[in-house]
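Asker: First the structure, which I've put down as structure tokens, then a few questions once you've had a look.
The values are calculated or read from the model by the stated rules, or taken from the named source; none is laboratory data. Every value quoted in this text rests on a predicted model; they were computed, and no experiment measured them. No Cβ is skipped: glycine too gets one built from the backbone with ideal geometry, and neighbour counts run over all protein chains shown. We work out accessible area using only protein heavy atoms, side chains counted, and drop any ligands, DNA or RNA first. Shrake-Rupley method; radii C 1.70, N 1.55, O 1.52, S 1.80 Å.
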Amino acid sequence: VQMKLNFNCSHCLSDNETVNNSLIEIRDDNFYQITCDKGHVSHFYIQNLKFELLFDADSMALIDGYPNAAVAYISSSLERLHEFCIHVYSKVNDIDDDIFKKNWKYFNNSSERQLGAFLNSFMLFEQSTLKFDLQKYSAFRNKVIHKGYLPSYQEVVDFGDLVLEHIRFLLELFRNKYGDSISKVVFDHINASSLHSDSNVQYSALLIPTKLSIGHPLDSMPKKFIDVETGEEVNINAE
């Protein structure tokens, strides 16, 4: 199940024509070339952090009737948030970005290693253990992802609630304590996202509305996964 966004051609809008709408699939390379029905070509990249996009994808998957995919997206979103938090910690200690990336390669292909790296980083910086039911999280995730268990709608919602509470806790903690380091990581992410091999093509930057964002006030974020699942469709415009 691939996350899709509803794309509105801004060329049609600027020319006072009927706006062409089409669904586009989120790409991992983050660069898009879209041609609308009237021949207008749009080039753009998305500035959002990956955990934001993945968390929107899980609710879309559940709406479309793919509970297993929803669990996979929820888990992936959390893993990418944990990676983001470790990256922020590295900025606090002025670790060079190349060193961080080289070191992260040792964890990149293992969810368990990534989780262990985050837990230890959290302990060292916060001087406490994480108040998150990891046993419950891991048991359900592994049951669905590795054993092919087919969860019910309510089981996915409960799993989403468990993860969402943890995400809200981390976003509040990090924004309150590490604002400057967050800005550095986000800047590096945006800068890296803008780099494309074809320098002759001008790509526009887009920041699309998502349910979770490192920049959103906490009270604007959903408190329950069911609030995410009933959210409005995302629309984007690009030059």
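Asker: Among the candidates 12, 85, which residue alone is in contact with a Leu (Cβ under 9 Å, 6 or more places away or on another chain), among the hydrophobic types (A, V, I, L, M, F, W, C), open to solvent by less than 10 Å² (accessible area, probe 1.4 Å) and not in a strand (DSSP E or B)? Can you show your working first?
Answerer: Values: 12 fails: in contact with a Leu (Cβ under 9 Å, 6 or more places away or on another chain).
Only one candidate passes the filter, namely 85.
Asker: Quick test for you: out of 162, 130, pick the one residue that is without any contact (Cβ under 8 Å) to a residue 40 or more places away in the chain, in contact with a Lys or Arg (Cβ under 7 Å, 6 or more places away or on another chain) and either part of a helix (DSSP H, G or I) or more than 23 Å from residue 59 (Cβ to Cβ) (or both). Explain how you work it out, then say what you get.
Answerer: Numbers: 130 fails: in contact with a Lys or Arg (Cβ under 7 Å, 6 or more places away or on another chain).
Step by step, each of 162, 130 is checked, and only 162 is without any contact (Cβ under 8 Å) to a residue 40 or more places away in the chain, in contact with a Lys or Arg (Cβ under 7 Å, 6 or more places away or on another chain) and either part of a helix (DSSP H, G or I) or more than 23 Å from residue 59 (Cβ to Cβ) (or both).
Asker: Right, another one. Out of everything in region 5-32 that is closer than 19 Å to residue 207 by Cβ and polar (S, T, N, Q), what residue ends up being nearest to the chain's Cα centre (by Cα)?
Answerer: Within region 5-32, the match that is nearest to the chain's Cα centre (by Cα) is 30.
Residue-wise test of (1) surrounded by 12 or more Cβ atoms within 10 Å (Cβ to Cβ); (2) within 17 Å of the chain's Cα centre (by Cα).
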site	(1), (2)
143	yes, no
157	yes, no
174	yes, yes
190	yes, yes
193	yes, yes
197	no, no
202	no, no
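Asker: So which of 180, 97 is over 20 Å from residue 52 (Cβ atoms), at pLDDT below 95 and either touching a helix residue (DSSP H, G or I) at 6+ places or on another chain (Cβ under 9 Å) or exposed (fewer than 14 other Cβ atoms within 10 Å of the Cβ) (or both)?
Answerer: Details: 180 fails: at pLDDT below 95.
Testing whether each residue is over 20 Å from residue 52 (Cβ atoms), at pLDDT below 95 and either touching a helix residue (DSSP H, G or I) at 6+ places or on another chain (Cβ under 9 Å) or exposed (fewer than 14 other Cβ atoms within 10 Å of the Cβ) (or both) leaves just 97.
Asker: Still on this model: Can you name every residue in region 94-114 that is under 21 Å from residue 182 (Cβ atoms), part of a helix (DSSP H, G or I) and under 19 Å from the mean Cα position of the chain (by Cα)?
Answerer: Going residue by residue through region 94-114, those that are under 21 Å from residue 182 (Cβ atoms) are 94-101, 103-104, 107, 114.
Narrowing the set further to residues that are part of a helix (DSSP H, G or I) leaves 97-101, 103-104, 114.
Hits for region 94-114 are 101, 104, 114.
Asker: Among the residues in region 62-81, are any open to solvent by 50 Å² or more (accessible area, probe 1.4 Å), more than 25 Å from residue 171 (Cα to Cα), assigned to a helix (DSSP H, G or I) and in contact (Cβ under 8 Å) with a residue 60 or more places away in the chain?
Answerer: Within region 62-81, one or more residues are open to solvent by 50 Å² or more (accessible area, probe 1.4 Å), more than 25 Å from residue 171 (Cα to Cα), assigned to a helix (DSSP H, G or I) and in contact (Cβ under 8 Å) with a residue 60 or more places away in the chain.
Asker: Oh, and also: Tell me which of these residue 119 doesn't satisfy, since it passes every other one: (1) open to solvent by 40 Å² or more (accessible area, probe 1.4 Å); (2) within 13 Å of the chain's Cα centre (by Cα); (3) among the aliphatic types (A, V, I, L, M).
Answerer: (2)
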